[in-house]
Each structure stands twice: as structure tokens, then as C-alpha cells.
Amino acid sequence: MQIEPQAFDRVLSSMCTDPHPAARDAAEQFLATNPGDPGTYPNVAALEDDAIALLGEIAGLDDPAGYITSGGTEANIQAVRIARERADTRSPNVVMPESGHFSFRKAADLLGVELRVVPTDDRHRVDLEAVRASVDDDTALVIGVAGTTEYGRVDPIPELGEIAHAAGAMLHVDAAWGGFVLPFTDHEWHFGHAAVDTMAIDPHKMGQAAVPAGGLLVRSPALLDELAVDTPYLESTSQATLTGTRSGAGVASAVAAMEALWPEGYRSQYVRSQNNATWLADALEKRGYRVVDPVLPLVAADVPRSTFDALRGAGWRISRTATGELRIVCMPHVSREMLASFIGDLDRLEVRASVPVASDD
Ligand code: PLP
């Protein structure tokens with residue numbers, strides 16, 4: 001094999017990061033284990049209990065239940081599945097803000113539920129009036145996002161819980177990215193703050209675990225029964241996961257990262273990332289770009305397409321929002337030096353992009 005994995009030194013668009021050293025070691029150690037078969041691999045199965053206990057502590061859940069998924073996508077699909085199974089209707093619908101991750105589109109498609117997408121307000125948070133107008137007797141699930149993929153915004157979760165439960169629906173919080181930074185903010189986002197039924201919270205994003213390590217949490221273990229199928233040829237009797245064979249590396253690295261970093265390591269990482277995001281937002285604003293205020297460590301700014309393309313050409317791994325803004329995620333591997341070098345390239349390349357093209361006459 002000749003190709004090596006790329007370095008993180010120019011990666012500004014990813015929601016994954018360089019794993020914590022302890023998470024890297026644990027992943028390697030448990031590479032050949034399968035928590036999908038706990039009768040054969042009891043050690044990694046016990047580690048998964050530890051992972052869920054730690055995730056529960058982070059997400060304000062007293063009696064935590066759930067499992068380590070392949071990522072936020074699987075956690076979101078499974079949450080929709082639980083709600084669909086619980087709903088007393090033949091034509092269930094799910095209400096989601098337009099800021100919801102595209103994994104919910106996969107869920108709706110796979111599970112045959114109607115997806116009702118409602119707008120966000122001028123602060124990129126879900127419009128509560130639109131949610132109220134969209135729920136009805138067939139609503140199985142209301143979705144709130146705690147740390148949106150494009151702008152890092154947090155929906156009003158307690159209010160969404162009230163609306164959902166008044167309509168007889170469940171509330172799912174997608175904290176896949178935000179779950180490891182929100183504990184150090186004033187936002188109300190978790191099981192202890194609101195009537196949250198299920199949550200996606202991914203160790204392989206801000207949690208600094210190795211991929212694949214997502215997390216599904218449920219308020220009561222009975223909710224997992226909605227997902228369980230019998231497993232005739234295994235020593236365990238049922239399985240609630242979407243995948244069969246799963247990565248023990250993900251489970252072990254999630255535990256190792258959380259044991260090493262929760263809470264103080266994650267707190268200092270949050271402070272560092274948030275300061276970087278504020279610094280970057282200031283630097284972009286000073287240069288005349290319109291910036292979406294970084295509520296969490298994620299910056300979006302209206303940088304012209306030509307400059308964006310020039311920066312990508314210079315090797316920066318950057319991405320754009322649906323409406324075309326430059327989007328930079330201040331993950332743990334994103335240092336101030338990296339951002340300063342990025343701004344240096346922006347200044348250099350933007351000047352070039354705006355040099356008038358010589359005319360022939
Ligand atoms: N939810 C949110 C808020 C995300 O930002 C993402 C990915 O960026 C996902 C879910 C999907 O997670 P994954 O790519 O791990 O499946």
C-alpha cells in the first residue's frame with residue numbers, strides 16, 4: 001500500500017479530528033473485537049456499558065441506555081425508527097428544522113415516514129411557530145439540533161419538548177457534533193434540561209475518539225426494545241443495533257477518550273476552539289466579509305466563490321454551506337497557527353483574485 005492518510009494541518013471543514021493518543025491506542029488494541037456479538041466478545045461489550053455511562057453523564061441522563069453507533073447518521077436513523085414504532089398511526093410524520101442533517105432524509109426514505117421540514121429564523125434556529133403549525137396527530141417525532149452542521153446553532157430544546165409532548169410525539173436532539181462542547185456553555189440542550197427522549201452524541205467528532213464511534217442515547221431502556229430483533233445463532237438473545245458486526249475499535253476508543261478528557265480536557269478544548277473561532281470571525285470581519293457569529297466553534301462567512309476556489313487550490317480543505325458561505329469548523333486539531341496561515345493565504349489569494357484581467361484593446 002503506497003498511499004498514506006493525509007495530515008490534518010490543512011483540514012478546516014471536517015467534523016472529525018485527530019484522535020486523542022489514548023483513543024488511538026485503544027482503537028488499535030480492540031481492532032479485532034465485535035461488540036455486535038457480546039456472547040463471544042464480553043470484554044468489549046462491558047466497555048460499551050462504560051461508554052454509555054460516560055455519555056449519559058455528559059448528556060444529563062441518570063439511568064443511561066443506548067449504544068455506540070457507526071456515527072450520527074445511524075443514531076438519527078434509529079431515533080426515527082424508535083419514534084415510528086412508538087407512534088399510534090399508519091402515516092407517521094417527523095418535523096425537522098431546515099438546519100437538520102441530511103441523515104434524517106435517509107431515515108425518512110428508509111423508514112417510510114413523511115419528513116416535514118420547517119424554516120429557521122434569522123438566528124438560524126428553528127422557527128417555533130412553524131413547528132407548532134406542522135405537528136398534528138400523526139407526528140411521531142420532533143427533531144431539535146444542538147449544534148447545527150452549518151452554523152453551530154442550538155435550537156430551543158425545552159420549547160420543542162413541550163410542543164412534541166403536547167402533540168403526543170417524541171423529541172430527538174441531534175447533538176452529534178455539539179454534545180462535547182455544550183456542557184461548558186449555558187445552552188439548555190440535554191436530558192436534564194428538557195423532555196428529551198432520544199439523542200445523537202458522537203465521540204468521533206468533538207469527543208476525539210477514532211472513527212467509527214457515534215452515540216445513541218435513550219431516556220429509558222424500554223425505548224431500545226423498539227429496535228430489538230431476535231438473534232438466533234448468537235449466545236445473546238436480541239440486538240438493537242442497525243449494523244450486525246460492529247467496530248470494537250470505536251467502542252474502546254470512545255471510552256479511552258472520555259476517560260482521558262471528561263470533563264476538564266473537554267472544557268479546555270472547548271475554550272481553545274471557541275477562542276479560535278472568535279479570532280477567525282474577527283479576522284474575517286476586519287477584511288469586510290459578512291460573518292455568522294460563532295455561537296459554538298464554527299464560523300461561516302460570505303467569501304466569494306473565486307477566493308474559495310483559490311484557497312482550495314492552495315490545499316485548504318474547506319467547505320461551503322447550502323447558501324454558499326465558507327464554513328470552518330474549529331475542531332481540536334485546528335490551531336491558531338493554522339488559522340493565521342489560512343488568513344495569510346486568504347489575503348494573498350484574494351488580492352490576486354481581484355487583480356483586473358488585462359484587456360486586449
Ligand atoms: N448530525 C449532525 C449535526 C452532524 O453534523 C453530522 C455530521 O456532520 C451528522 C449528524 C452525521 O454524522 P456521521 O457523519 O457521523 O454519520
Fill in the blank from the handout: By my count, strands (runs of 3 or more DSSP E) wholly in the stretch 164-218 with at least 1 residues that are away from the ligand (no atom under 12 Å from the Cβ), hydroxyl-bearing (Ser, Thr, Tyr) and in the same structural domain as GLN29 (by TED's automatic domain parsing) are 198-200
Exercise for the section: Return a yes/no flag: does the stretch 140-150 have any residue that is farther than 30 Å from ASP302 by Cβ and within 16 Å of the ligand (Cβ to nearest atom). Expected result: yes
Handout entry: Condition check for ALA133: more than 16 Å from the ligand (Cβ to nearest atom) and in the same structural domain as SER70 (by TED's automatic domain parsing)
Key = yes
Problem - Options ALA26, ALA79, ALA45, ALA87: the member that is surrounded by 22 or more Cβ atoms within 10 Å (Cβ to Cβ) and within 30 Å of LEU171 (Cβ to Cβ) - result: ALA79
Exercise for the section: Would you check if VAL118 is away from the ligand (no atom under 16 Å from the Cβ) and modelled with pLDDT of 95 or more? Expected result: yes
Problem - In the stretch 335-361, the residues that are at pLDDT below 55 and of a type in the set (A, V, I, L, M) - result: VAL357
Problem - Within the stretch 77-114, tally of residues that are within 15 Å of the ligand (Cβ to nearest atom), among the hydrophobic types (A, V, I, L, M, F, W, C) and outside any loop (DSSP other than H, G, I, E, B) - result: 9
Completion exercise
Condition set surrounded by 23 or more Cβ atoms within 10 Å (Cβ to Cβ) and assigned to a helix (DSSP H, G or I), scope the stretch 58-76, selection farthest from the ligand (Cβ to nearest atom): answer is ILE58
Practice task
Just give me the residues in the stretch 149-172 being in contact (Cβ under 8 Å) with a residue 40 or more places away in the chain, farther than 20 Å from ARG84 by Cβ and not aromatic (Phe, Trp, Tyr), in sequence order.
Solution key: THR149, GLU150, GLY152, ARG153, VAL154, ASP155
Exercise for the section: Would you check if there is a residue in the stretch 17-30 being under 19 Å from GLU235 (Cα atoms) and either within 16 Å of the ligand (Cβ to nearest atom) or assigned by TED's automatic domain parsing to the domain that holds HIS204 (or both)? Expected result: no
Fill in the blank from the handout: Exactly one of LEU31, LEU47 is in a loop (DSSP other than H, G, I, E, B), of a type in the set (A, V, I, L, M, F, W, C) and either modelled with pLDDT of 95 or more or in contact with a Phe, Trp or Tyr (Cβ under 6 Å, 6 or more places away or on another chain) (or both), and that residue is LEU31
Practice task
Write out, first by first residue and then by second, each pair whose Cβ atoms fall under 9 Å of each other, whose residues are 6+ apart or on separate chains, and whose first residue, in the stretch 173-198, is closer than 12 Å to LEU61 by Cβ while the second is of a type in the set (Lys, Arg) and surrounded by fewer than 24 Cβ atoms within 10 Å (Cβ to Cβ).
Solution key: PHE191/ARG219; VAL196/ARG219; ASP197/ARG86; ASP197/ARG219; THR198/ARG219
Problem - Check on ILE52, more than 16 Å from the ligand (Cβ to nearest atom) and either under 29 Å from ILE328 (Cβ atoms) or β-branched (Val, Ile, Thr) (or both) - result: yes
Practice task
From ALA260, ALA277, ALA252, ALA300, grab the single residue that is in a helix (DSSP H, G or I), within 18 Å of MET15 (Cα to Cα) and among the small types (Gly, Ala, Ser).
Solution key: ALA277
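The values are calculated or read from the model by the stated rules, or taken from the named source; none is laboratory data. Since the structure is predicted, the reported quantities are computational estimates derived from the model, not experimental observations. Cβ sites come from the backbone with ideal geometry, for glycine too, and all protein chains shown count toward neighbours.
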